[in-house]
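Step one of this worksheet: look at the structure below.
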Amino acid sequence: MTRNVTFTCNASDGRARTGVLSTPRGDIRTPAFMPVGTAATVKGMMPDSVRATGADVLLGNTYHLMLRPTAERIDRLGGLHGFMNWDGPILTDSGGFQVMSLGALRKLDEDGVTFKSHVDGSRHRLTPERSMEIQRLLGSDIVMCFDECPALPADRARIATSMELSMRWAARSKAAFGDRPGHALFGIQQGGLEEDLRAQSAESLREIGFDGYAVGGLAVGEGQEAMFACLDYAPAQLPEDKPRYLMGVGKPDDIVGAVARGIDMMDCVLPSRSGRTGQGWTRRGQVNLRNARHAEDPRPLDEDCTCPACRNYSRAYLHHVIRSKEMIGGMLLTWHNLHYYQDLMAGMREAIAGGTFAAFEAAFHATRAEGDIEPV
C-alpha cells in the first residue's frame, strides 16, 4: 500500500520551525529550498549535481511542460521523474502564474483561462481540471491547485475578486485531484496585502482541506518590506500541522526573513539565473564575477564553500570564463549558488533545532553587511 505524504514539525524557535515532509520518493527536510527545473532540467546542472548540493526536491513548471514536450508525451515516456532522471520528490506549479503573466495573450473567465503559447502562438485552454490532469500525467509528488494571481499593486476590489475566484478554483482542483495515495495537493492562499482577505482565503482553504498550504501572490512587485509585513500574519492563518510554502522567493535575505516568520518551503529561479549571468551569491552578499577587479584574483569565490567552483577554481578563472561566455562559467556559478542556498537552509535547520535561530539570523545579516572582501 502506498503511504501518504505526511508532515512532521520536529522543533520550533520563535515562529521558525524545522521538520520533515515525507513522501514515497523521499523525505524533504524543512525549511527547504526547491531548485527550479522549469523545462524538466535545472539549467546548467546534471541531476546528480543538483542532489550533491543538498537539494531534496525539485520544482517543475506545468505551463512550460504542457507546451513542450507536452504532458501526454512525458506520460508515455514514463513520467517526469524518469524523463529527467530525478528520483526524488517533484513539486509542480499549476501553470496559473505563468498564464496570468501573459497579459494580452490570455483571456480569463469563470471556468479557466484561454491563452496563446509564447512558443508558437497556438491556442490552449487551462482550467482547474486540466491543470490537475497535466500534473497527474507528469507524475508530480506535490501538486499545486490552479489559481489566479494578480500583479501588485492592485486595488482591493480586484484583489478580492481574484481571491474569491481562486477559492472556487481551489475547490474544483480538490475535486479533480481525487484520491491519490502517495501524492499531495497544496492549496494557495491569496488576498494580496489585505489581512482580512488573506484570512478569508485561509478559511476557505481550511474548509476544502489540503495536504499543504502555499502563500501565493507575493514577490510580484510589492517589495520586501510589504512582503514581510504580509508574512507577519499570513502563515499563522494557515493550519499549523501542515507545511507552508512561499511561492517564488527569493533572495537569501528574503528566505531567512520568511523562515523567521513561519515558512517551511520556498522556490526561485534566482540561483541558476544569476549563475548564468556571472552573479555569485555568498555569505557576504552578491558578487559580480564580470567585474575587472576579479581578473587577477587567485582566491576562491568563497573560502568557506566546498562546491566545485570554490574548491577547484579561482575568481580569476571564473571571471575569465564568464567574460569569454564559456558554458562552464554559468555551470560553475549555478552549482555554487545552489550549494550556497542549500548550505543556508541546512544552517537554519540546525539553528532552529538548537534554539539559536535569533543568533543565526543576526550573524547572517552582520556578515552580509560587511560586504565582499576586496583583493589584497
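Overview of results
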item	result
Hits in region 177-198 (condition: in contact with a Cys (Cβ under 9 Å, 6 or more places away or on another chain) and of a type in the set (A, V, I, L, M, F, W, C))	PHE177, LEU185, PHE186, ILE188, LEU193
Selection count where residues are buried (at least 19 other Cβ atoms within 10 Å of the Cβ) and on the phi > 0 side of the Ramachandran plot, scope region 189-212	2
Close pairs from region 253-279: first under 23 Å from ILE188 (Cβ atoms), partner outside any loop (DSSP other than H, G, I, E, B) and among the basic types (Lys, Arg), Cβ under 9 Å, at least 6 apart	VAL259/ARG17; GLY262/ARG17; GLY262/ARG244; ILE263/ARG244; ASP264/ARG17; ASP264/ARG244; MET265/ARG244
Any chance THR23 is surrounded by 15 or more Cβ atoms within 10 Å (Cβ to Cβ) and either modelled with pLDDT of 95 or more or over 30 Å from ASP232 (Cα atoms) (or both)	yes
Among the residues listed as ALA104, ALA151, ALA171, the single one being surrounded by fewer than 24 Cβ atoms within 10 Å (Cβ to Cβ), part of a loop (DSSP other than H, G, I, E, B) and assigned by TED's automatic domain parsing to the domain that holds LEU21	ALA151
Residue within region 346-355 that is in contact with a Lys or Arg (Cβ under 7 Å, 6 or more places away or on another chain), exposed (fewer than 13 other Cβ atoms within 10 Å of the Cβ), assigned to a loop (DSSP other than H, G, I, E, B) and not charged (D, E, K, R) present	no
Checking SER272 against (1) crowded, with 16+ Cβ neighbours inside 10 Å; (2) not in a helix (DSSP H, G or I), the condition it does not meet	(2)
Residue list for region 5-52, filter: more than 26 Å from LEU332 (Cα to Cα) and not in a strand (DSSP E or B)	VAL5, GLY14, ARG15, PRO24, ARG25
Any hit, region 356-371, residues being of a type in the set (Asp, Glu) and in contact with a helix residue (DSSP H, G or I) (Cβ under 7 Å, 6 or more places away or on another chain)	yes
Hits in region 55-75 (condition: surrounded by 17 or more Cβ atoms within 10 Å (Cβ to Cβ) and in a loop (DSSP other than H, G, I, E, B))	ALA55, ASP56, VAL57, ASN61
Residue in region 48-56 that is of a type in the set (Lys, Arg), more than 23 Å from PHE177 (Cα to Cα) and modelled with pLDDT of 95 or more present	yes
Residue within region 316-331 that is on the phi < 0 side of the Ramachandran plot and either within 22 Å of the chain's Cα centre (by Cα) or in the same structural domain as MET45 (by TED's automatic domain parsing) (or both) present	yes
Residues of region 305-326 classified as surrounded by fewer than 17 Cβ atoms within 10 Å (Cβ to Cβ) and within 18 Å of THR277 (Cβ to Cβ), total	5
Enumeration of residues in region 307-322 that are under 15 Å from HIS339 (Cα atoms) and either among the polar types (S, T, N, Q) or without any contact (Cβ under 8 Å) to a residue 12 or more places away in the chain (or both)	ARG311, ASN312
Subset of region 324-339 (residues that are touching a helix residue (DSSP H, G or I) at 6+ places or on another chain (Cβ under 9 Å) and outside any helix (DSSP H, G or I))	GLU326
Residue list for region 197-240, filter: of a type in the set (Lys, Arg) and under 18 Å from ILE159 (Cα atoms)	ARG198
Residue match in region 44-52 (condition: over 19 Å from the mean Cα position of the chain (by Cα), among the β-branched types (Val, Ile, Thr) and closer than 28 Å to GLY78 by Cβ)	no
Residue within region 107-125 that is outside the structural domain of GLY330 (by TED's automatic domain parsing), assigned to a helix (DSSP H, G or I) and under 25 Å from ALA170 (Cβ atoms) present	no
Single residue of region 219-240 satisfying the filter (hydrophobic (A, V, I, L, M, F, W, C) and modelled with pLDDT under 95) that is farthest from VAL20 (Cα to Cα)	VAL220
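The values are calculated or read from the model by the stated rules, or taken from the named source; none is laboratory data. From a predicted model like this one, the values you see are computed outputs, not experimental measurements. Here Cβ is always computed from backbone atoms with ideal geometry, including for glycine, and neighbour counts include all displayed protein chains.
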